[in-house]
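Visitor: This is the structure, below, for whatever I ask next.
The values are calculated or read from the model by the stated rules, or taken from the named source; none is laboratory data. Since the structure is predicted, the reported quantities are computational estimates derived from the model, not experimental observations. When we count neighbours, we look across all protein chains shown, and the Cβ atoms used for this are built from the backbone with ideal geometry, even at glycine. Accessible surface areas use protein heavy atoms only, side chains included; no ligands, DNA or RNA. Shrake-Rupley method; radii C 1.70, N 1.55, O 1.52, S 1.80 Å.
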Amino acid sequence: MSENYDFETLLSRKGQGSFKWEAMYREVPNLSDDIVPFSVADMELKIAPEITEGMKKYIDEAVLGYSGTYPKYYEAVIGWMERRYGFKVEKDWILCTPGVVSAIYVAIKAFAKENEGVITFTPVYFPFYSSITSNNRKLVDCGLVESKNENGEVKYSIDFEKFEEFAKDKNNKILLLCSPHNPLGIVWSREDLEKIGKIAVENDLIVISDEIHFDIVMPGYTHTVFQSLGDDLAERTITFTAPSKTFNIAGLGISNIIIKNENMRKTFVNAQELGAGALFTALSYKACEICYTQC
């Protein structure tokens with residue numbers, strides 16, 4: 001791993017087609033060049049030199065045709081999950097999509113019928129709402145409880161009584177979980193995740209667990225992969241991961257969706273093929289491999 005990662009140089013993306021920069025200048029055309037938009041979760045930081053050099057080497061040698069998964073790619077994803085989280089994944093469990101958000105849309109359609117309920121802890125990342133409502137599923141809003149500690153710091157917690165009440169409603173089929181939580185920055189404790197899991201199992205909920213930010217956790221906190229908490233949970237959980245936030249490669253469009261249950265995996269793939277279909281981008285697979293093995 002390089003000792004020369006640069007977290008200080010501010011890169012301007014003006015005029016380069018950056019989604020958030022172009023939107024900023026449409027709103028305020030005459031901003032000074034030292035203003036950085038915070039509206040979209042990618043970063044104005046140099047990517048790791050291993051990625052830059054590795055991709056240059058790859059492009060020198062590769063044919064950029066339709067491409068799919070390959071052994072070193074699977075080894076990279078499996079190794080990352082086990083080294084960092086003790087999460088043992090098998091190759092067959094891994095499905096690839098162009099992004100986590102598009103995969104959530106697929107999963108909502110695959111595992112809940114129209115007008116059936118999807119529970120989520122709010123406030124939450126805005127595509128959670130639209131993935132439910134635009135697919136004509138019922139948004140079941142399980143609002144987090146706000147409180148303050150003795151220092152006046154605001155804290156949020158799950159109302160487990162309300163969650164259990166919603167879970168017992170047979171019309172509600174899915175829990176859409178954000179872990180760590182976006183935008184509140186909560187790293188759910190193992191105890192909270194175990195409580196969520198117990199209620200999910202007892203009430204036959206499918207759990208869609210968006211864990212895209214799992215690598216970005218402050219010192220003193222530990223991320224627990226929800227699916228790793230037990231066999232019962234693993235059989236009803238879809239884990240959404242990606243290298244995009246961690247390594248600032250969102251523009252390459254690759255996510256690793258992990259589904260242990262074979263029937264659920266087939267259901268997801270069938271729903272995916274009705275929409276965007278599979279991922280065929282050679283650069284995305286190679287970038288993910290480099291991130292998870294060299295960076």
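Visitor: Residues in the stretch 185-205 that are open to solvent by 30 Å² or more (accessible area, probe 1.4 Å) and in contact (Cβ under 8 Å) with a residue 60 or more places away in the chain: how many?
Guide: 0
Visitor: Of everything in the stretch 169-184, what is open to solvent by 40 Å² or more (accessible area, probe 1.4 Å) and either among the hydroxyl-bearing types (Ser, Thr, Tyr) or not in a loop (DSSP other than H, G, I, E, B) (or both)? Give them in sequence order.
Guide: Lys173, the sole residue that qualifies.
Visitor: Also, quick follow-up: Among the numbered conditions (1) in contact with a Lys or Arg (Cβ under 9 Å, 6 or more places away or on another chain); (2) in contact (Cβ under 8 Å) with a residue 24 or more places away in the chain; (3) within 21 Å of Leu252 (Cβ to Cβ), tell me where Pro127 comes up short.
Guide: (1)
Table: residues versus (1) open to solvent by 90 Å² or more (accessible area, probe 1.4 Å); (2) modelled with pLDDT under 90.
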| site | (1), (2) |
| --- | --- |
| Thr9 | no, yes |
| Ala23 | no, no |
| Val36 | no, no |
| Ala48 | no, no |
| Glu53 | yes, no |
| Tyr58 | no, no |
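Visitor: Further, regarding this structure: For the stretch 118-139, what are the residues that are surrounded by fewer than 16 Cβ atoms within 10 Å (Cβ to Cβ) and among the small types (Gly, Ala, Ser)?
Guide: Ser130, Ser134
Visitor: Select from the stretch 271-295 the residues that are assigned to a helix (DSSP H, G or I), surrounded by fewer than 19 Cβ atoms within 10 Å (Cβ to Cβ) and either modelled with pLDDT under 95 or within 19 Å of the chain's Cα centre (by Cα) (or both) and list them in ascending order.
Guide: If the condition is that a residue be assigned to a helix (DSSP H, G or I), surrounded by fewer than 19 Cβ atoms within 10 Å (Cβ to Cβ) and either modelled with pLDDT under 95 or within 19 Å of the chain's Cα centre (by Cα) (or both), then Ala271, Glu273, Ala282 are the ones that fit.
Visitor: I need the full set of residues from the stretch 185-221 which are of a type in the set (A, V, I, L, M, F, W, C) and outside any helix (DSSP H, G or I), in order please.
Guide: Ile186, Val187, Trp188, Leu205, Ile206, Val207, Ile208, Ile212, Phe214, Ile216, Val217, Met218 - these are the residues of the stretch 185-221 that are of a type in the set (A, V, I, L, M, F, W, C) and outside any helix (DSSP H, G or I).
Visitor: Determine which member of the set Leu229, Leu233 is open to solvent by less than 20 Å² (accessible area, probe 1.4 Å) and modelled with pLDDT of 95 or more.
Guide: Leu233
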